[in-house]
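The values are calculated or read from the model by the stated rules, or taken from the named source; none is laboratory data. Just so we're clear, the structure is a prediction, and the values are computed from it rather than from any experiment. So basically every Cβ, Gly included, is an ideal-geometry build from the backbone, and we count neighbours across all protein chains shown.
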Amino acid sequence: MALKVVVVGAGVVGAACAFHTASAGMDVTVVDRGPVGAGTTSRGEGNVLLSDKEPGPELALARLSRRLWDEAGRELGPDTFELEHKGGLVVASTTEGLAALGEFAARQEAAGVRIEPVDRVQDLEPHLAPGIPGGVHYPQDAQVQPVLAAAALLRAALQRGARLHKGEVAGALTGRGGRISGVRTTTGDVLHADAVVNAAGTWGGEVGRRLGAPVEVLPRRGFVLVTEPLPPMVRHKVYSADYVAGVASSDAGLETSCVVEGTRGGTILIGASRERVGFDLTMNTAVVTRLAAQACGLFPFLRGVHLIRAYRGFRPYCPDHLPVVGPDPRVPGVVHACGHEGAGIGLAPATGALVTAHLLGRPWRGADPAVHTGLLPDRFLIPGGAPQ
Amino acid sequence: MSEPADLLVVGAGPAGMAAAATALAGGLRVVLVDSGAAVGGQYWRHPPAHARAAIPTDDLHHGLRGYRALCEALSAGRAAGRLELRLAHHVWSAVREDDGFAIHVVDRRRAPQETAGVLRAPKLLVATGAYDRQLPFPGWDLPGVLTVGGLQALLKGGGVAAGSRVALGGTGPFLLPVAAALASRGVEVVAVCEAAHPSAWLRHPGPLLRNPRTWAEGAGYATALARRRVRFRPRTAITGAEGGDRVTAVRIASLRPDGSPRPGTERHVEVDAVGVGWGFAPQLDLLVPLGCALTDSADGNAVVVVGGGQRTTVPGLYAAGETCGVGGAALAVGEGRLAAESVLADSGAAPAPGPKRLAGVRSAVARHRAFARALALAHPIPPAWSSWLTDETVVCRCEEVTAGAIRTARAEGGADDHRQVKQLTRAGMGWCQGRMCGPAVHCLTAGQRGYEPAERLVATPVTLGALADLDP
Amino acid sequence: MSEIVVDGESLPFTEGQTVAAALVAAGRVAWRTTRVGRRPRGVFCGIGVCFDCLLTIDGAGGQRACLVPARPGMTVTTEEGDDE
């Protein structure tokens, strides 16, 4: 009989988990209190990046995921979610910065990332400001429209027999040996399951608690600025080398490091800010002016371009800035798939495949549980196990 | 004004003018901000002061005595150095700060040049008014099809009529003054298509009868329109517009009670311009991100929750006029005055001296609110309006998203509100950020649920260069 | 009467009018084509909310014709789609 799986969360990670588990023949139910991709999924730029990742467990997952996005594009049609192989261009503002970037890129290359050092960044991005000493081109970086991507994956999962259940998980049903046997929703619905996947993103900490398997997932607020629609002016995802430091930083205050890229719709997206302020929704105009200044510094033509919209979201992060993917040793049957911080879109397909592999007990679509051990929840449960 | 302000007022329409005048009378220092070239808002829209002689518009207005009294009060406030009037200033964000509020403005007095700045005060009063609510129909994006408010703005602000043969359609009492104004400028108004039936008024006679001035105003329009042979057609709608580079004809149909066209009644009328409007949508863009509680109003809009003193649920933040519920200029003036009285009380100042006692203002406001509610119920959006649409009809004008695409997002993507439709189709993601299509997309997807407007953290476009210059 | 220059041609206006009012007074209700369907557009809401009336003024793109007061000598370029 098919393994019964409940996936909590219909964001891009939950949708990818549903897609892969359903593809593997499991009996899948996705539970979410809202529509598909309405949480953090709808608040990002749709990054599928290798360029910002240090060699290590996350980069390994990202490389697999990059391949699986291509596979998903072939299976579901690349236009259904605007998959674009645009490539990334990381630029340094000083010669010292360029040297540091070069060293970083060399280590990435050793880990299997394709890199191309660039002397004249204007050859790739004609509208970049003069005086930039150089950068690194990452041809594998790509972009998807995240809500369309989540919707396409979920739709494909439903076509493979999965079901969607609207509701909010309130708690776990426990069977023999403390093993999870299903979930209860706040409206009293009961969904029986052999396994429950916690793909609740920024709310993964709370869902983990409700399942009796808490993991530390915290919100990190970010704003994205959106410009008026323009003819194509920015071809790659362009960002300053400081961005990598920002992603990995644990600083509690505001950090901004400029990321600029175009979209199919003609708008230009400008990120990225990072603030640890809990789930505070208030507008921070200082973030907006800072990002505007940084973006105009990179692309002077943006000075005359209108900001028409800004939105913010909450990245789900774990204390060590790595996602938590794998079975929870405390509650058999609970599998975590959350805490992807700002990389959830990019890492979603590999996360779905890895969760499926854990449930099958064997590799699935290139995801081997024996390889991605650095993402297991166990690291938080051993005293001193989580590197800060 | 050298000393710090006590109160920021955003919007210099009837509500904002009255609020500023009252606060000044109570001794406060006020900054009054408006995006327009003159005070007056949409209702009392005027050409800029220096152009009044060249563009005469007095005959298009009502209640000019009240307008002039408010203008005088504002002039006196400026002369006394207690009012800072910031015209051509667009507010793109309003935020709370420790000791009050900051509004982030773009100074466009020398447009297209922009200079960004920040204004601060302990109290903030938002009186940003409303804009025409739209329902799409085939051909509504043809040049020459305007909102009724757009026709009126061109007339009142620039002395220009957008056509010579004009049909008006939609619902609500605003169709009449626009028809009368056009007719007075020699425009042939070939039809005024009012979707509601006059008998709907009889269902709420009380509030209507208690507002004799409004009756008199309505009767005045009726006489003016009859004299110029303007056909007022109740229970009809403009269900289509035709043309190539410009609208050349409209289709007009009689409506069944549910608002669907009565078969066989459709007729073509040649026109060179069209005005449409289905009531108004409150301009809540500054208020929603500040965290004000909203509520549903009788006309299907979300409006800001205010108490009797026009206080919102956010301490120190007040709202007056259409943001609290569409109700017209007289109500807005009353609410503006009440809001400013609350600001005075909350600032520890004495009430403003004035000819009219506060209790009188309160009862007038209550009466006008009841009237507005009755009007809203008498002029609903026809439930079956979407039967006018074809799959090819553009709903989101900016991103050119069709009714068919939205229906697909609903049927196949499971989208059940305008936010989800936006993510799946781009409807509402363009320049206007869903201000035009939002209510329609809501109707097409969410059915009878109340309309909650999208949160817009950027209330008006602003160049990145102007913002960058603010960065320390 | 004062004049602005629209796509290289003089257009008279009355002081106090917006660029949109000046264009409409001259009989023009469309001056832009849309990005996707190449449809003609001009003034719709007239009060700065709909962004249908966008054009370029003195080199600055994305200007709402209905909001910007016409000034003598102002150079107006109508936008052929958004891709110039």
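A few remarks follow.
- Checked against (1) within 13 Å of chain C (Cβ to nearest Cβ); (2) hydrophobic (A, V, I, L, M, F, W, C); (3) surrounded by fewer than 24 Cβ atoms within 10 Å (Cβ to Cβ), residue B:180 meets all criteria but (1).
- Output for the range B:385-417, where each listed residue is hydrophobic (A, V, I, L, M, F, W, C), part of a loop (DSSP other than H, G, I, E, B) and at pLDDT 95 or above: B:389, B:398
- Residue list for the range A:71-101, restricted to those being over 20 Å from residue A:147 (Cβ atoms), without any contact (Cβ under 8 Å) to a residue 24 or more places away in the chain and under 22 Å from the mean Cα position of the chain (by Cα): A:74
- Residue among A:271, A:339, A:262 that is under 23 Å from residue B:117 (Cα atoms) and away from chain B (no Cβ under 12 Å): A:271
- Restricting A:42, A:23 to residues that are surrounded by fewer than 23 Cβ atoms within 10 Å (Cβ to Cβ), modelled with pLDDT under 95, among the hydroxyl-bearing types (Ser, Thr, Tyr) and within 30 Å of residue A:186 (Cα to Cα) narrows the list to A:42.
- Of all the criteria given as (1) more than 7 Å from chain B (Cβ to nearest Cβ); (2) surrounded by 24 or more Cβ atoms within 10 Å (Cβ to Cβ), the one not satisfied by residue C:5 is (2).
- Scope the range B:9-20; condition out of contact with any strand residue (DSSP E or B) (no Cβ under 9 Å at 6 or more places or on another chain) and of a type in the set (A, V, I, L, M); matching residues: B:18
- One residue alone among B:111, B:94 is aliphatic (A, V, I, L, M), at negative phi and either more than 10 Å from every other protein chain (Cβ to nearest Cβ) or surrounded by fewer than 24 Cβ atoms within 10 Å (Cβ to Cβ) (or both), and that residue is B:111.
- Qualifying positions in the range B:265-320 - assigned to a strand (DSSP E or B), of a type in the set (A, V, I, L, M, F, W, C) and under 28 Å from residue B:239 (Cβ atoms): B:269, B:273, B:274, B:276, B:278, B:280, B:281, B:302
- Hits in the range B:364-422 (condition: closer than 20 Å to residue B:302 by Cβ and acidic (Asp, Glu)): B:416, B:417
- Lone qualifier among B:163, B:159, B:169 - being over 30 Å from residue B:457 (Cα atoms) and more than 9 Å from chain C (Cβ to nearest Cβ): B:169
- The residues in the range A:98-157 that are out of contact with any Phe, Trp or Tyr (no Cβ under 9 Å at 6 or more places or on another chain), of a type in the set (D, E, K, R) and assigned to a loop (DSSP other than H, G, I, E, B) can be counted, and the count is 3.
- Scanning the range B:457-472 for residues that are more than 7 Å from every other protein chain (Cβ to nearest Cβ) and at pLDDT 95 or above yields B:459, B:460, B:466, B:469.
- Which listed residue is surrounded by fewer than 22 Cβ atoms within 10 Å (Cβ to Cβ) and without any contact (Cβ under 8 Å) to a residue 24 or more places away in the chain, from A:303, A:330, A:312: A:303
- Residue in the range B:129-136 that is assigned to a strand (DSSP E or B) and out of contact with any Ser or Thr (no Cβ under 7 Å at 6 or more places or on another chain) present: yes
- For the range B:435-446, filtering for residues that are buried (at least 22 other Cβ atoms within 10 Å of the Cβ) and either more than 11 Å from chain C (Cβ to nearest Cβ) or not in a loop (DSSP other than H, G, I, E, B) (or both) leaves 6.
- For the range A:192-212, the set of residues classified as assigned to a helix (DSSP H, G or I) and either touching a residue at least 24 places away in the same chain (Cβ under 8 Å) or touching a Gly at 6+ places or on another chain (Cβ under 9 Å) (or both) consists of A:201, A:202, A:203, A:204, A:205, A:207, A:208, A:210, listed by residue number.
- Qualifying residues in the range A:296-317 (those that are among the hydrophobic types (A, V, I, L, M, F, W, C) and farther than 27 Å from residue B:120 by Cα) - the one farthest from the other protein chains (Cβ to nearest Cβ): A:314
- Condition met for residue B:15 (under 15 Å from residue B:84 (Cβ atoms) and either more than 10 Å from chain C (Cβ to nearest Cβ) or among the aromatic types (Phe, Trp, Tyr) (or both)): no
- None of A:163, A:155, A:176 is over 28 Å from residue B:409 (Cα atoms) and out of contact with any His (no Cβ under 6 Å at 6 or more places or on another chain) except A:176.
- The single condition among (1) surrounded by 20 or more Cβ atoms within 10 Å (Cβ to Cβ); (2) more than 9 Å from chain B (Cβ to nearest Cβ); (3) among the hydroxyl-bearing types (Ser, Thr, Tyr) that residue C:18 does not meet is (2).
- Of all the criteria given as (1) modelled with pLDDT of 95 or more; (2) closer than 25 Å to residue A:14 by Cα; (3) surrounded by fewer than 22 Cβ atoms within 10 Å (Cβ to Cβ), the one not satisfied by residue A:340 is (3).
- Residues that are out of contact with any Ser or Thr (no Cβ under 8 Å at 6 or more places or on another chain) and outside any loop (DSSP other than H, G, I, E, B), drawn from the range A:21-56: A:22, A:27, A:29, A:30, A:32, A:41, A:42, A:43, A:47
- Among the residues here, residue C:77 qualifies as buried (at least 17 other Cβ atoms within 10 Å of the Cβ) and touching a residue at least 24 places away in the same chain (Cβ under 8 Å).
Condition check ((1) facing another protein chain (nearest Cβ under 7 Å); (2) surrounded by fewer than 24 Cβ atoms within 10 Å (Cβ to Cβ)) across all residues:
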| site | (1), (2) |
| --- | --- |
| C:30 | yes, yes |
| C:42 | yes, no |
| C:45 | yes, no |
| C:48 | yes, yes |
| C:65 | no, no |
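- Qualifying residue in the range A:339-350 (condition: of a type in the set (D, E, K, R) and under 21 Å from the mean Cα position of the chain (by Cα)): yes
- In the range B:288-299, the residues that are surrounded by 20 or more Cβ atoms within 10 Å (Cβ to Cβ) and within 23 Å of residue B:174 (Cβ to Cβ): B:297, B:299
- Residue-level check: of (1) touching a helix residue (DSSP H, G or I) at 6+ places or on another chain (Cβ under 9 Å); (2) crowded, with 20+ Cβ neighbours inside 10 Å, residue A:193 misses just (1).
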